[in-house]
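Student: Below you will find the structure I want to go over with you.
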Amino acid sequence: VLASLPLQMMLYFNVYYFPVWCLAEGTMLQLKYHLLPWHYQFLLVAAFLILSLAEGSRLYLGYMGNLQEK
C-alpha cells in the first residue's frame with residue numbers, strides 16, 4: 001500500500017493554514033470576549049481550545065499515518 005499523495009498535499013497545506021486560523025480565531029475571540037456573558041465566554045474559550053487541540057492532533061496523526069502507510 002502506498003501513501004496517498006492528495007491526502008499528503010492537503011495535510012501539508014493545512015499544517016501551514018492552521019496557525020493562520022488559530023491567530024484569526026484568537027483575535028476575534030479577544031475582540032468580542034468582554035462583550036459576552038460569562039457562560040458564553042467559558043463556552044467560546046473551551047470550544048477554541050478543544051478545536052485547536054483536536055485539529056493539531058488530527059494533523060499530526062494524519063501526517064504520520066499517511067507517511068507510515070497506516
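Student: Helix 5-33 against the longest principal axis of the chain: what's the angle in degrees, Cα atoms only, rounded to the nearest 10?
Tutor: 10
Student: Given a 1.4 Å probe and every protein chain left where it sits, what share in percent of the accessible area of the chain is carbon and sulfur? Don't skip to the answer; put the middle values down first.
Tutor: Working: 4330 of 5740 Å².
So the carbon and sulfur contribution to the accessible surface is 75 percent.
Student: For region 5-68, report the translational diffusion coefficient in µm²/s to the nearest whole number, using Stokes-Einstein at 37 °C, 0.692 mPa s, and a Kirkwood Rh over Cα pairs. Write out the running numbers ahead of the final one.
Tutor: Numbers: Rh = 13.2 Å.
For these conditions, the coefficient is 249 µm²/s.
Student: If R0 is 25 Å, what FRET efficiency do you get for TYR33 and LEU53 from their C-beta distance, rounded to 0.05?
Tutor: After rounding, the FRET efficiency stands at 0.80.
Student: With a probe of 1.4 Å, find how much accessible area the chain has per residue, and write the answer as a whole number in Å².
Tutor: Working: 5740 Å² over 70 residues.
Averaged over the residues of the chain, the accessible area is 82 Å².
Student: From Cα pairs below 8 angstrom and at least 6 apart in sequence, can you work out the relative contact order of the chain, rounded to a whole percent? Don't jump to the answer; show the numbers that get you there.
Tutor: Values: 22 pairs, mean separation 48.6, N = 70.
That works out to 69 percent.
The values are calculated or read from the model by the stated rules, or taken from the named source; none is laboratory data. Note that the coordinates shown come from a computational prediction; the quantities given were computed from them, not determined experimentally. Virtual Cβ from ideal backbone geometry, glycine too; neighbours counted across all protein chains shown. Please note that ligands, DNA and RNA were not included when accessible areas were found on the heavy atoms of the full protein model with its side chains. Shrake-Rupley method; radii C 1.70, N 1.55, O 1.52, S 1.80 Å.
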